[in-house]
Amino acid sequence: MNKKFEDVIAEQGRLVYTNVGDSMFPIIREGDLLVINAVTEPLKVGDVPLYKRDSGQYIMHRIVALKNGKYTMKGDNRAIAEKGITDRHIIGVLTGIVRNGRTYPVETVEEYTIRIAKELIYLLSCAVNEETPDPDRVKGMDMAEIYRLSREHMLTAAVSYALEKTIPLPSAFNQAQKKAIRKLTLFEIERATITRELEKAGIWYLPLKGILLKNDYPKSAMREMSDNDILVDNTKMPDVRQIMERLGYTCEMYGRFNHDVYSKPPTLEFEMHHSLFDKDVLPHQDRYYKHIREKLLPLPGSEYGLKMTDEDFYLYILCHLYKHYTHAGSGLRSLLDIYVFRRAHPNLDREYLDAELQKLKIADFERKIRRMSQSLFTVGEPDEEDQKDFVYLIMSGYKGKYETLEHNQLVKNLNNDDSKASKLRYLKKRFFLSGDSLQKQYPFFAKHKALYPLLLIYRPLKGAVTHPKGILRELYRVKSFKKEG
C-alpha cells in the first residue's frame, strides 16, 4: 500500500516524487523529479511548499502572500490564486528539481528567466560579433528553453546562426532560420512592387525600422520582421490605400492611428505611416518629427524614395524603442538593434546627437540604452546600475506585456501619486469621458452631447457584459497602486 506523502516526510524527513501537471511551468515540468524536505524554518513569500487541501488533493504552488498566518498560493503558470492555506495544510517545501539527470535550483520565474536569458545573450553576442560559441557551454544549455525565450523576443533566427557553428542545428531553430529567410525574401519582392507603384503615382516614401536595420546584421535574416514599415506622403493616404488594395492587400486598419495596416496571405503585413509617431502616445516626439520631410535625403536609384542620415535614423529607432519601453515594454531585439547599428556606424556625429537628444527629451534614456546594449553584447552582463532595466527588458518580450502597459499608464495617469484623492480623480476621469477621449472612443456621443447621459448607462453595462474581469482588474490595480521611486 502506498504511503501518504505526509507519512513519508514524517518518517524520513524527505520525499522524492515525479511531477504531474503544468501549473508551475516553466520552473517545474511534466516528469521532473521533485525533492521535498520537511519544513524546518518559517516559510516565506517565494517558497514552493507541498500542501494538502481539505479535499485531500495534493498541490505544489508558490507562496505569493502571507498575512496573519495565512498563505496565498498561486501556480507560476496559473492566473488564479488560492487563499486560506495555513501551516496545518503544509507537508513540506521544495528544495530541488531533477531533470535529465541534472539538478536545478528552486527559482522564481524572474530568476529562472534571467538565467536562461544570459545564455541567450551569449549566443546573440556570438552571432552578431561573428564568433564561434564555446561547445562545452552550448552543450550545457537547455535548448528547449533557449528556443522558448528566443521566440518571445523574436530572436530565434539570430540564435540559429550562432548554434550552427558549434552543433547540428536543432530542428526548431533550423525551421526558424528557414522561415526567416523565406519571409525576408517575400518582403523584398513585395516591397519592390509597392515602391514601384508609389514611384508611378509620384508619392514619396521612406523605408523604416527593420527594412534598414537588417542590412547592419552579419546576415540579413538574423533580423526577423513581423511586418514592414514605410512612411509616405500624408496627403496621399487614399491613393496609397488604392495602390495596396489593387495589389491584393486587405486594409485591416485605416485612419485611426499614425499608420494604416495592410495584410496579404500567407504572412505579409505592411504598415503605411502618415506620421512617425501618434500624437496621443508621444506628443513631444510627434511635434519633433512633424516636418521630417525637410530633413530627408534622396534614396539612390529612385525618384521618390527618401532616406534619413545615419544620425537621424539612430534618433528615430531610439524614439521608437522609447515608445515601447515606456508603454508595454520592449525586449532584447530592440537592444540588439541598437548594438548592431552602433557597431556598423561607429562614427556618428556625437555633437549633433547630443543636441537632438536634448530636444527629444530622451538623452538619459539613450545613455542608459547605449550603455546596456554595449555591456550585454560584449561582456554578457548589465552594469549594476542597469540591473532593474535589464530585468524589465527580459520579462517584457519583443511585444511587451499588457500588464506592463496597464501599470505604466496608471503611473502616467496618476502622476505617480498614490493618494486617495488622485485615485478618485482618475476613476472620475475614466467614467466621465470628455474631450479627445470621448471623440476617439465614442464619436457619436461626442457629436450628440444631449445623449451623453445614455453613454453613462451604456458604457458600464457593456463593460460588465463584455469584459467584467477587466473592470475588476483595473479597480484592483488602482486601489493597490503604490508610487514608484
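The charge dipole of the chain, taken about the Cα centre with unit charges on the Cβ atoms of Lys, Arg (+1) and Asp, Glu (-1), comes to about 1980 debye, rounded to the nearest 20. Of all DSSP-defined beta bridges confined to the stretch 175-400, some 75% are antiparallel rather than parallel.
Exposure proxy for LEU186, LEU472: other Cβ atoms within 10 Å of each Cβ, ordered fewest to most, give LEU472, LEU186.
Based on C-alpha pairs under 8 angstrom that are at least 6 apart in sequence, the stretch 175-400 has a relative contact order of 17 percent. Based on the alpha-carbon gyration tensor of the chain and its eigenvalue square roots a ≥ b ≥ c, which shape applies: rounded if a/c is under 1.5, prolate if not and a/b is larger than b/c, or oblate? Oblate is the answer for the chain, as a/c is 1.5 or above yet b/c matches or exceeds a/b.
Does the stretch 5-107 come out rounded, prolate or oblate, given a ≥ b ≥ c as the square roots of the eigenvalues of its C-alpha gyration tensor, rounded meaning a/c under 1.5 and, failing that, prolate meaning a/b above b/c? Cα axes put the stretch 5-107 in the oblate bin. Working note: Karplus 6.51/-1.76/1.60 with θ = phi - 60° gives the stretch 435-451 the couplings x, 4, 4, 5, 4, 6, 8, 9, x, 4, 6, 5, 7, 10, 5, 5, 8 Hz, where Gly and Pro are set to x. If I fit a long axis through the Cα atoms of helix 363-376 and take the longest principal axis of the Cα atoms of the chain, what angle between them do I get, 0 to 90°, rounded to 10? Relative to the chain, helix 363-376 is tipped by roughly 60 degrees. For the chain, the longest principal axis of the Cα atoms and the long axis of helix 109-128 meet at an angle of about 40 degrees.
Near ARG88, once Lys and Arg are set to +1 and Asp and Glu to -1 for all other residues with Cβ below 14 Å from its Cβ, the sum equals 0. For SER160, the shell of other residues with beta-carbons less than 11 Å away shows a net charge of +2, using +1 for Lys and Arg and -1 for Asp and Glu.
Give the shape of the stretch 237-327 as rounded, prolate or oblate, defined through the alpha-carbon gyration tensor: a ≥ b ≥ c are the square roots of its eigenvalues, a/c under 1.5 means rounded, and otherwise the shape is prolate if a/b is larger than b/c and oblate if not. Since a/c reaches 1.5 but b/c is at least a/b, the shape of the stretch 237-327 is classed as oblate.
Once C-alpha pairs closer than 8 Å and six or more residues apart are averaged by separation and normalised to the residue number of the chain, the relative contact order reads 9 percent.
Short to long, the 10 Å bins of the Cα pair-distance histogram for the stretch 325-371 hold 22, 54, 23, 0 percent of all pairs. By the count of other C-beta atoms within 10 Å, a proxy for reagent exposure, VAL106, VAL465, VAL391 are ordered fewest to most as VAL465, VAL391, VAL106. Counting every other Cβ atom within 10 Å of each residue's Cβ, SER330, SER375, SER226 order from fewest to most as SER226, SER375, SER330. Taking the longest Cα principal axis of the chain as reference, the axis of helix 452-466 is set at about 50 degrees.
Amide H to amide H, with H built 1.01 Å from N, ASP32 comes under 5 Å of ASN19, counting only residues 5 or more places away or on other chains.
Shown in residue order for the stretch 247-264 are the 3J(HN,Hα) couplings computed by the Karplus curve 6.51 cos²θ - 1.76 cosθ + 1.60 at θ = phi - 60°: 7, x, 8, 9, 7, 8, 7, 9, x, 8, 10, 8, 8, 9, 10, 10, 10, 8 Hz (x for Gly and Pro). Evaluating 6.51 cos²θ - 1.76 cosθ + 1.60 at θ = phi - 60° for every residue in the stretch 216-224, the Karplus couplings come out as 8, 7, x, 10, 4, 6, 4, 9, 5 Hz, glycine and proline recorded as x.
Here the stretch 139-175 and the stretch 59-114 have alpha carbon centers that stand 29 Å from each other.
Cα centroid separation, the stretch 439-485 to the stretch 18-46: 41 Å. When only alpha carbons are used to place a centre, the stretch 188-229 and the stretch 264-282 end up 13 Å from one another. Only beta bridges with both residues in the chain are counted; by DSSP, about 90 percent of them are antiparallel.
Coordinate-derived values only; no laboratory data. On a predicted model such as this, the values are computed, not experimentally measured, just so you know. Backbone-built Cβ (ideal geometry, glycine too); neighbour counts: all protein chains shown.
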